[in-house]
Amino acid sequence: MANITAAMVKELRETTGAGMMDCKKALTEMDGDKQKAIDFLREKGIAAAAKKDSRIAAEGAVVSYIHGDGRIGVLVEINCETDFVAKTDDFKAFAHDIAMQIAAANPACVRREEVDEANLEHEREVLRKQALEEGKPEKIVEKMVEGRIQKYYKEVCLMEQPFVKDPDKSIEDMVKEKIAKIGEKISIRRFVRYQLGEGIEKKQEDFAAEVMAQVK
């Protein structure tokens with residue numbers, strides 16, 4: 001197994017425009033072979049997606065998804081570069097899947113940069129206390145907390161959630177694959193999710209689990 005250095009990762013990133021973690025994974029998978037790593041990223045659509053990231057995507061659509069008898073509703077804005085792509089069945093199907101994902105998995109935001117700092121710090125404090133109560137040594141508590149924060153991101157950030165129809169893929173993976181297929185930048189900009197009776201004290205039902213059960 002080749003030793004993957006920071007310099008190797010940096011060089012691959014400069015060549016492909018892909019993210020550091022994607023480059024490291026590609027080099028690891030390909031045992032340090034740069035050309036094979038480039039091919040790996042291209043096959044996954046990651047390199048193509050990264051190169052399109054700086055483009056402006058101002059077209060697209062606002063898509064709605066209503067679950068069952070109207071107990072959960074979602075509106076999501078998904079952008080692309082041209083009106084032509086926005087009108088294709090492929091784009092519409094993708095947008096529908098994203099809206100359904102939001103209904104089922106109830107994310108708090110699109111990406112981790114949007115996580116509320118106060119909520120994040122509160123979560124860190126809760127996790128820190130949990131780790132200490134579990135009897136973990138203080139010197140490793142912070143590492144444990146950060147590990148659990150990464151898991152928290154995957155729960156609350158849409159882009160990091162596993163896709164309900166295929167849990168082996170994240171929503172970010174889906175976006176990159178769609179960019180590679182369509183050939184335009186695609187961006188999930190914002191969403192709103194309504195749940196009937198949310199905030200009103202009453203008997204609770206797990207509507208999100210019901211949505212997920214229907215799409216599997």
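Structural remarks
- Options 104, 86: the member that is modelled with pLDDT of 90 or more and touching a strand residue (DSSP E or B) at 6+ places or on another chain (Cβ under 7 Å): 86
- In segment 18-37, the qualifying residues are those that are in contact (Cβ under 8 Å) with a residue 24 or more places away in the chain and surrounded by 19 or more Cβ atoms within 10 Å (Cβ to Cβ), and the one that is nearest to residue 160 (Cα to Cα) is 22.
- Checking every residue in segment 188-197 against the condition of being surrounded by fewer than 14 Cβ atoms within 10 Å (Cβ to Cβ) and either outside the structural domain of residue 92 (by TED's automatic domain parsing) or of a type in the set (Asp, Glu) (or both) gives zero matches.
- Residue count, segment 66-83 (criterion: more than 18 Å from residue 159 (Cα to Cα), in contact with a strand residue (DSSP E or B) (Cβ under 9 Å, 6 or more places away or on another chain) and either in contact (Cβ under 8 Å) with a residue 60 or more places away in the chain or not assigned by TED's automatic domain parsing to the domain that holds residue 195 (or both)): 6
- Condition check for residue 78: modelled with pLDDT of 85 or more, of a type outside the set (Ser, Thr, Tyr), buried (at least 19 other Cβ atoms within 10 Å of the Cβ) and part of a helix (DSSP H, G or I): no
Let's see how each residue does on (1) in contact with a Leu (Cβ under 6 Å, 6 or more places away or on another chain); (2) part of a strand (DSSP E or B); (3) within 27 Å of residue 72 (Cα to Cα):
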site: 101; (1), (2), (3): no, no, yes
site: 124; (1), (2), (3): no, no, no
site: 130; (1), (2), (3): no, no, no
site: 172; (1), (2), (3): no, no, yes
site: 176; (1), (2), (3): no, no, no
site: 181; (1), (2), (3): no, no, no
site: 191; (1), (2), (3): no, yes, yes
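- Residue within segment 195-209 that is within 20 Å of the chain's Cα centre (by Cα) and at pLDDT below 90 present: yes
- Matching residues, segment 146-170, being basic (Lys, Arg) and either under 18 Å from residue 93 (Cβ atoms) or part of a loop (DSSP other than H, G, I, E, B) (or both): 165, 169
So that you can scan it fast, the table gives a plain yes or no per residue for (1) assigned to a helix (DSSP H, G or I); (2) touching a residue at least 60 places away in the same chain (Cβ under 8 Å); (3) of a type in the set (Gly, Ala, Ser):
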site	(1), (2), (3)
55	no, yes, no
61	no, no, yes
64	no, no, yes
98	yes, yes, no
118	yes, no, yes
121	yes, no, no
136	no, no, no
139	yes, no, no
144	yes, no, no
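The values are calculated or read from the model by the stated rules, or taken from the named source; none is laboratory data. Keep in mind it's a predicted model, so treat the numbers as computed, not measured. Cβ: placed from backbone, ideal geometry, glycine included. Neighbour counts: every protein chain shown.
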